[in-house]
Amino acid sequence: MKMCSIASGSSGNCIFIGTDEASFLVDAGISGKRVIQGVESLDRRMEELDGIFVTHEHSDHIKGLGVLARKFGIPIYATRGTIEEIERTKPIGKMPEGIFHEIEPDRDTTIKDMTIHPFRISHDAAQPVGYRFESGGKKAAIATDMGYYDEYIVEQLSGLDTLLLESNHDLRMLEVGRYPYYLKQRIASNRGHLSNETAGQLLCRILHDHMGRIFLGHLSQENNYERLAFETVCSEITMGDNPYKAADFHISVAHRDLVSEAIDF
């Protein structure tokens, strides 16, 4: 399996995941041009994509969706609630007939040699999900835009080889930053985003001896920065109630405006 963050941050998200047989995107929240450039940098062609799996309908996850759907006819997979909201989003434009394919949380979809498992997340969207991908005994997941985690999320993210996990904001930066009070409350709520500290605490619950690679993603442009997210998460792991230290794992931050390192696992 191959995984690569084409973009990850509060201003736009797009992740590639695939095998030798199957190729997918998770979200298309950047311009169509940037998506195309990102996919081509991985020696793949847009025409080869087997689908775009959408987590939810917010702009930073669907901005380029309409352009890509009309230009390439790539099937779009999303929950019923997300599809209905996308269809109401005027900037996306008219979507091709039959482009949407409805999925349900906790019901697997198999396409070629990849099995995709959507799982419920808590966010202020219609019917948001994260995704777990499995092929050839390898497992990867993308989990962002989560207001909190619980035992269900821990179960969904257990036994992974690779994970892209939200590490959205630093609590102190959010508190003293320039955002209006209502927005600060939304971000910190159970339907908002995971802080750096909470991301580290979640990792403490799911780390195991064979975890290969961890990406920290969806960083806020206003209330976080790469070094702070990395150091805070690593501190939570090393000081947390688990048998590991952060140095036991390959942890890095997925870039906002650059294609991150592609990994094969």
Residue ranges of helices (runs of 4 or more DSSP H) in region 1-73 with at least 2 members closer than 15 Å to residue 145 by Cα and not aromatic (Phe, Trp, Tyr): 59-62
Every pair of residues 6+ apart whose Cβ atoms lie under 8 Å, when the first sits in region 201-216 and is over 17 Å from residue 138 (Cα atoms) and at pLDDT below 95 while the second is among the β-branched types (Val, Ile, Thr) and open to solvent by less than 10 Å² (accessible area, probe 1.4 Å): none
Residue list for region 110-127, filter: out of contact with any strand residue (DSSP E or B) (no Cβ under 8 Å at 6 or more places or on another chain) and under 18 Å from residue 164 (Cα atoms): 122, 123
Per-region count, region 110-121, residues open to solvent by less than 30 Å² (accessible area, probe 1.4 Å) and either polar (S, T, N, Q) or touching a helix residue (DSSP H, G or I) at 6+ places or on another chain (Cβ under 7 Å) (or both): 1
Set 99, 103: member being among the hydrophobic types (A, V, I, L, M, F, W, C), at pLDDT 95 or above, over 23 Å from residue 143 (Cα atoms) and in contact with a Pro (Cβ under 8 Å, 6 or more places away or on another chain): 99
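Among the listed residues 56, 61, which satisfies the condition of being of a type outside the set (S, T, N, Q), open to solvent by less than 10 Å² (accessible area, probe 1.4 Å), within 23 Å of residue 104 (Cα to Cα) and out of contact with any helix residue (DSSP H, G or I) (no Cβ under 6 Å at 6 or more places or on another chain)?
Working: 56 fails: out of contact with any helix residue (DSSP H, G or I) (no Cβ under 6 Å at 6 or more places or on another chain).
The match here is 61.
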Qualifying positions in region 210-265 - among the polar types (S, T, N, Q), over 16 Å from residue 162 (Cβ atoms) and not in a loop (DSSP other than H, G, I, E, B): 232, 235, 238
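The values are calculated or read from the model by the stated rules, or taken from the named source; none is laboratory data. All values derive from a computational prediction rather than experimental measurement. No Cβ is skipped: glycine too gets one built from the backbone with ideal geometry, and neighbour counts run over all protein chains shown. These area figures cover heavy atoms from the full protein model, side chains too; ligands, DNA and RNA do not enter into them. Shrake-Rupley method; radii C 1.70, N 1.55, O 1.52, S 1.80 Å.
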